[in-house]
1. Tell me the chymotrypsin sites (Phe, Trp or Tyr not before Pro) within region 202-256 that lie in a loop according to DSSP and have at most 11 other beta-carbon atoms within 10 Å.
2. Between Ser30 and Asp171, 0.36 nm times their residue separation minus their Cα-Cα distance comes to what?
3. Under the Kirkwood approximation applied to all pairs of distinct alpha-carbon atoms, what is the hydrodynamic radius of the chain in Å?
4. Starting from the eigenvalues of the Cα gyration tensor, five times each then square-rooted, give me the equivalent ellipsoid semi-axes of region 188-237, largest first, whole Å.
5. What net charge do the residues around Arg54 carry, taking every other residue with its C-beta under 15 Å from that of Arg54, with Lys and Arg at +1 and Asp and Glu at -1?
6. Give the Rg (one decimal place) followed by the Dmax (whole number) of region 91-211, computed from C-alpha coordinates and expressed in Å.
7. With springs only between Cα atoms under 10 Å apart, run a GNM on the chain and tell me which of Gly103, Gly49, Gly198 wobbles the most.
8. For region 275-338, run through the chymotrypsin sites (Phe, Trp or Tyr not before Pro) and keep only the ones in DSSP coil with at most 12 other Cβ atoms within 10 Å of their Cβ.
Amino acid sequence: MMTYHSLSDRTYAPDLEDQSQEFFLDTWQSNVVITTFDQFLFALLSPKGRHQMRFHHLADCLIVMDEVQALPCVLWDPVRHALAGLTRMGTTRVLAMSATQPGFLPEGHQLIDRPDTFFTRMNRYRLVLRHRKPMKLSDFMQECTARLPEWKNERVLLTLNTRRSARALRDALEQPAKNEGLRLEFITADVTPLDRLGAIRRIKDGSPCLVVSTQCIEAGVDIDMDFVARDFGPLDSLIQIAGRCNRFGIRGRGTVEIVCLLDDDNELKTLGGYVYNDRILLPVTAEVLGDRETVDEEDILPIVRTYFHRLAEKKNTGEAITQAWARWDEFDNSVRQLLRGAARPQISFVVIGEDPSLRDALDNARATGQQDRWAGRRALKRLAGRIAQITVAVPNPSKKLDPSVFAEPYPEDATDDAVWFWLLADAYYTPARGIDIQSNHADDSWGVIL
């Protein structure tokens with residue numbers, strides 16, 4: 001079994017030479033490959049040779065796509081045609097899994113014979129829809145503080161749309177939660193992957209806790225909470241977060257409250273608008289929810305179907321991309337841009353205090369590279385997973401952020417354009433709060449990226 005993504009260790013078989021290991025890894029020479037949407041879509045759609053060396057492994061195999069609703073609408077048509085072609089030309093089979101099946105694979109069929117009947121038997125949670133009366137973030141903080149006594153023996157998840165608002169809520173609740181004896185956990189992209197995994201392990205112990213997060217907890221995180229509140233977002237995101245409430249169905253029906261939070265500095269702007277700004281996702285969600293005050297889980301399926309049907313009508317589903325791909329024409333955007341959106345300027349900080357010996361490993365890789373450039377690159381690649389585990393990316397759209405204020409460059413003598421990494425000073429990071437350079441960096445865009 002091979003894992004191939006940014007957090008994985010680049011190791012294959014110890015008896016192979018370094019060059020052979022790299023080749024076997026990069027060409028997916030394994031019976032089982034666990035990877036990400038990015039790498040899968042590169043193999044499926046990218047015309048570049050280094051990605052096409054994997055394409056033949058997609059033929060005559062079983063492709064399991066988890067959380068398929070996470071694919072943006074602009075990839076629906078090209079992915080549909082590419083997968084359909086693979087299944088027609090050979091024995092490739094695709095298993096697309098999701099609690100909110102978007103329906104862009106019409107040639108497939110449900111493995112559950114009667115999904116409507118299946119959903120009517122689900123009664124784990126109830127959505128309480130409060131989003132039609134927006135409230136300021138500060139008012140939501142006060143409300144949560146006032147409700148802490150009733151939450152002291154429960155497992156509570158509060159999910160917000162931006163990093164900045166989540167940080168503000170976490171800080172506002174820290175002392176009141178401590179007074180109630182309620183453990184506080186914080187899960188956002190301000191926290192290193194290493195510390196996020198640690199927080200998730202603690203949450204899974206089943207004891208009462210208060211979790212403040214962004215959307216990074218929506219998919220692929222198997223936790224079971226008693227109560228969930230979430231800032232308004234696209235319907236599939238709301239349903240995904242609801243799946244963390246009474247997840248195993250062993251208690252009475254749980255509550256998932258959907259609120260709509262306003263920016264205290266601009267009450268005409270919702271916090272969701274900073275993240276979901278395509279003018280379709282949020283309005284369609286509000287439209288399909290209508291004037292309902294509550295929605296039980298067993299009534300979700302027809303609403304989800306209506307939602308994705310209307311998205312297919314209103315959104316660009318990528319037909320032009322399919323035509324370009326079929327003719328080997330250039331895409332207007334790369335595969336990564338189609339999946340993740342346009343790249344925004346950001347600076348990545350390595351929280352070196354979480355792995356002090358990494359500096360020596362970097363020095364060794366650098367020394368190797370001075371003797372043999374390719375051997376140096378391979379040595380650095382082997383450190384990629386270790387580096388990614390303790391890296392935090394900070395958006396810098398206006399490019400006003402000077403990383404040297406908070407971190408030292410590596411190598412130490414590198415010019416600005418030749419810096420490999422920015423090694424964050426210990427004072428700017430704690431596992432409980434994540435990276436904290438807000439007091440020095442007032443750019444409003446801080447809160448935009450998940």
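1. Of the chymotrypsin sites (Phe, Trp or Tyr not before Pro), the ones in loops of region 202-256 whose Cβ has at most 11 other Cβ atoms within 10 Å are Phe248.
2. Gain in length upon complete extension: 46.2 nm.
3. Values: mean 1/r = 0.0416 Å⁻¹.
Computed over the chain, the radius equals 24.0 Å.
4. Calculated on Cα positions only, the semi-axes equal 18, 15, 10 Å.
5. -2
6. Radius of gyration, then largest Cα-Cα span, for region 91-211: 19.2, 60 Å.
7. Gly49
8. Details: sites: Tyr276, Tyr307, Phe308, Trp325, Trp328, Phe331; in loops: Tyr276, Trp328, Phe331.
Within region 275-338, the qualifying chymotrypsin sites (Phe, Trp or Tyr not before Pro) (loop, at most 12 other Cβ atoms within 10 Å) are Trp328.
Values quoted throughout were computed directly from the atomic coordinates according to the rules given, and no laboratory measurement underlies them. What you see is a predicted model; the values in this text were computed from it and never measured. Here Cβ is always computed from backbone atoms with ideal geometry, including for glycine, and neighbour counts include all displayed protein chains.
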